[in-house]
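All remarks here apply to the structure that follows.
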Amino acid sequence: MANKSQNWILMATAQTPTNIAVIKYWGKRDETLILPINDSISVTLDPDHLCTTTTVAVSRSFEKDRMWLNGKEISLSGGRYQSCLREIRSRANDVEDEERGIHILKQDWEKLHVHIASYNNFPTAAGLASSAAGFACLVFALAKLMNVKEDQGKLSAIARQGSGSACRSLYGGFVKWVMGNDVNGSDSVAVQLANDTHWDDLVIIVAVVSSRQKETSSTTGMRESVETSALLYHRSKEVVPKRILQMEEAIQNRDFPSFAQLACADSNQFHAVCLDTCPPIFYMNDTSHRQVLIISYIEKWNRSEGTPQFIRVGKESMLNVGTKVSYWMFYVLGDKSILQDAGIEAMKDVEALPPPPEIKGNIPSQKYKGDVSYFICTRPGRGPVLLADESLALLHPKTGMPK
Ligand code: DP6
């Protein structure tokens, strides 16, 4: 490396959405490469409401790779971080900035250390796929910093090695994670089914029933399901392949009744697999009475509508019921008008809960008088973007430390 100045810090900042599965990924055929036993489909959620922002920086003065998540330093020693860093580094290219005297050669990236700062604009413990947005953002930002020329599909296969669901956050709109066949995972990638403008009157309302971390992590839970659930085997072989085709068709045709019916059936089967696991996983029971109440409301809505659409007032909308369903009392994130349009004020008899610790001090000003504590009102959104405005960086441009 021949640099005019040794004090340079080169940075890139990206913003990446989270996603919510409507046909769920549950079960791996390879734990290290994170290869699934079935295809899955998700909707990318609008990053204006829920997203991860990540700044990555490189400098000759950095002594080791370091990462801060929501302001706290975390270890990068885990296999999943190491896989993503290794895969991205191996695809890095030369980077030149004549003006700043920066000349990084392809082979230099193996020796250079990075600093990473990541921030979720939603509570990590709410179970809202923070790992999906997080690993997608890490991989996307590092790829930009290191001048990686691979397309989004290839990047999705790297993000997948951080967390399976992360591969779907490399695209906006409606996304399929193709399980693939290769033993090395090269064809286990995300593909976009439709972009975020395809179905612009679809809204998504996530009712957050608990901000507590799930008692069984997805990783452990799905491993136990693979080992013990005969229903999961049947699901992956017989049910999901047909459902994937039906869901793709429902999305292409913007057929809301089919879309909602398939998503609901899939979510229920996912919970059935959890119960069929030994020992059983009670995602539904973690917040039992509140979730049951929400489900009974959904059933009531369904019956009154006569079709499987959960809520349909003005705009087409859907209340998802899955592990990622979660809520806080009275508070609304995202676009409140979506909730009002959906007529949520019908829910009256849930006891108020205090706001979860993560949002204390940062409680959204919109206080909603109703029963469900916290709704996230959102819609399909765009994929990852690079933030050119340096003032949005999470690392200090002079020190490379968190701001
Ligand atoms: C229920 O992607 O969090 O949300 O690959 O082990 O990191 P790992 O699991 P993760 O699992 C998500 C499971 C799910 C369904 C889905 O998002 O498809």
Q.
So for each of 12-22, 173-183, 46-56, 386-396 I average, over its residues, the number of other beta carbons within 10 Å; can you give me the resulting order with the highest mean first?
A. 12-22, 46-56, 173-183, 386-396
Q: For Ile74, enumerate residues with amide H under 5 Å from its amide H, sequence gap 5+ or separate chain, H modeled in the peptide plane.
A: Met67, Trp68, Leu69
Q) Which far-off residues, 5 or more places away or on another chain, put their amide H under 5 Å from the one on Leu387, with H placed in the peptide plane? A) Thr13, Ala14, Gln15
Q. What FRET efficiency, computed as 1/(1 + (r/R0)^6) with R0 = 41 Å and r the Cβ-Cβ distance, is obtained for Met401 and Asn195, rounded to the nearest 0.05?
A. 0.65
Q) Too long at a 32 Å Cα-Cα cut-off: which of Lys28/Lys106; Lys111/Lys154; Lys149/Lys242; Lys28/Lys72; Lys72/Lys237; Lys24/Lys144? A) Lys28/Lys106; Lys149/Lys242; Lys72/Lys237
Q. Tell me, what HN-Hα J-couplings in whole Hz come from the Karplus equation 6.51 cos²θ - 1.76 cosθ + 1.60 at θ = phi - 60° for each residue of the stretch 168-176, using x for Gly and Pro?
A. 6, 7, 7, 10, x, x, 10, 10, 10
**Q.** Cα-projected label distance for Asp389 with His113, points at 7 Å along beta-carbon direction, nm
**A.** 3.2
Q. Any idea how far apart Cys278 and Asp94 come out in nm if each label point goes 7 Å out from Cα toward Cβ?
A. 6.1
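Throughout, read-outs are computed from the coordinates displayed, never taken from laboratory work. From a predicted model like this one, the values you see are computed outputs, not experimental measurements. Using ideal geometry, Cβ is built from the backbone for each residue, glycine included, and neighbour counts are taken over all protein chains shown.
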